[in-house]
Amino acid sequence: MTTTAPTTTGTNETQFDRARRVIPGGVNSPVRAYRSVGGAPRFLTSARGAYVTDVEGREYVDLVASWGPAILGHAHPEVVRAVTDAAARGLSFGATTPAETELAETVVERLSVAIPRGDVRDDPRGDALGSGVPQRLGLVDELRLVSTGTEATMTAIRLARGFTGRPLLIKFAGHYHGHSDGLLAEAGSGVATLALPASAGVPEPIAAQTLVLPYNDLDAVRTAFEAHSGEIAAVIVEAAAANMGVVAPLPGFNRGLTELAHEHGALLILDEVLTGFRVSARGFWGLDALQTPGGAVDYLPDLTAFGKVIGGGMPLAAIGGRREVMEYLAPVGPVYQAGTLSGNPLSVAAGLATLRLADATVYDRLDQASETLQREVSAALTREGVAHSIQRAGNLFSVLFAERPAVDYADVQAQDSFRFGPFFHAMLDAGVALPPSVFEAWFVTAAHDDEALGRIIEALPAAARAAGAA
Ligand code: PMP
């Protein structure tokens, strides 16, 4: 009998050698290669709760959580059951299913709020002020499912261009929205200058459709809108930046951005791929725009991109937004988008089960685990005299090796990044798997119980010493 089980022998080193012969760099996504921390990446064979196990049989407390999706912990039994039940009914139909409607309804409902009369400060629908006030107002009226965050943002941008009839896009330095050509762009010489390719293979004319601005700088956005009047289709922004380490928006930044976009006839695309359903039941928008429960809605983006948690660890992402814009998508409207595996039944089952289980208790647990770790990491580094700042956005956090908190990409780049490699390896040696780059957020899960947190806390003094000695 032949077996399709992967070969789980050897060491991480021998696995890496083997992988590099047949996979570029041995990995299917660059950060997994441990380039910035050195050494062989851990080849994982299983994951459960707060722990992952490598090919050598070593267990680690995991702070990667599959880069975000695993908010309930790995292999939650109810999510696994939902997926295996779905699998038994068929892996993929390439046809509509009741479950995908149920997922869309779940998301629409979860992101809608009761609002008092007329209490939306920036309402693109223009119907929340005055007499026709809706009782409930949603971030998302309709949702289109795709398979990756990259597709979600790529589609949101095409949709914004189709809707506005304009070509240009504003993004922020250090923000990541996936790897579509126009988003792999880096700043030109000035704020109003069109961007340059940030990767080989991106044609200059495509990068030149993007303006890359410093984060948390509304003046730069204003200047760009004035310099390219009538040409900018959309501003895309991570709800809170978390791909350069965590850098939260300054108070009022996302609202100001939405207002500027709307003043200039452009759309605001909020990228909640990483933050959505993780930092709160309603993502970062829920923390940022809904300060008072039942109170004012501070801003309403036109389109929002989701990924990660929405698929519970399976490939699933989505674009949501107001109906008028969403209905520009094919087959209703003229903007084309499609996907063979879009709305895949296994992914939808995992997403539905995850969202169903992600209740207030889960978010409380995430917040508590995150706060404990923030406090303990900071205390350990302080004891060793290591200059640092804990960067946070809800329960997402990262450690910046600099005294002063970062507000933009230039600040993040100026930190003592050389301290991270030794810190990372000391944690790994002690059985804690951090994201292998200083530019990544740390992800807790609801399965990070006292025992898991205790193991992390025990590992911190040696890691802080290693960072200090670097
Ligand atoms: N947007 C954000 C904010 C992300 O963090 C990511 C992935 N880390 C993406 C988009 C792209 O998602 P994916 O990797 O699923 O293509």
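Coordinate-derived values only; no laboratory data. Everything quoted here is computed from the prediction, not taken from an experiment. Cβ: placed from backbone, ideal geometry, glycine included. Neighbour counts: every protein chain shown.
Here is how the numbers come out for the structure above:
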| quantity | calculated |
| --- | --- |
| Unit charges at the beta carbon, dipole of the range 86-357: most positive-side option, T304, V212, S92 | S92 |
| Cα gyration tensor shape for the range 86-357, rounded if a/c is under 1.5, else prolate or oblate | oblate |
| Assigned charges on the beta-carbon of Lys, Arg, Asp, Glu; the range 126-282 dipole about Cα centre (debye) | 280 debye |
| Positive-end extreme of charge dipole, the chain - chosen from Y409, L287, S347 (charges on Cβ) | S347 |
| Which of V399, V22 has the fewest Cβ neighbours within 10 Å, and the rest in rising order | V22, V399 |
| Exposure proxy ranking, count of Cβ atoms within 10 Å, fewest first, for D54, D62, D429 | D429, D54, D62 |
| Unit charges at the beta carbon, dipole of the range 86-357: most positive-side option, V325, P315, L196 | P315 |
| Mean separation of Cα contacts under 8 Å, 6 or more apart, over the residue count of the range 365-440: relative contact order % | 20 percent |
| Antiparallel %, DSSP beta bridges [both residues in the chain], to 5 | 60 percent |
| Low-density loop positions, chymotrypsin sites (Phe, Trp or Tyr not before Pro), the range 273-341 - DSSP coil, at most 15 other Cβ in 10 Å | Y336 |
| The chain: angle of helix 420-429 to the longest principal axis, Cα-based, in degrees nearest 10 | 50 degrees |
| Gyration tensor (alpha-carbon) shape descriptor, the range 427-470, a/c threshold 1.5 | oblate |
| Angle between the chain longest axis and helix 98-110 axis [Cα atoms, degrees, rounded to 10] | 80 degrees |
| Angle between the chain longest axis and helix 12-22 axis [Cα atoms, degrees, rounded to 10] | 50 degrees |
| Assigned charges on the beta-carbon of Lys, Arg, Asp, Glu; the range 86-357 dipole about Cα centre (debye) | 580 debye |
| Highest-first arrangement of 235-241, 342-348, where packing means the average Cβ count within 10 Å | 235-241, 342-348 |
| Net charge, D271 excluded, C-beta distance under 10 Å - Lys, Arg +1, Asp, Glu -1 | -1 |
| Charge dipole magnitude, Cβ of K and R +1, D and E -1 - the chain, Cα centre, debye nearest 20 | 720 debye |
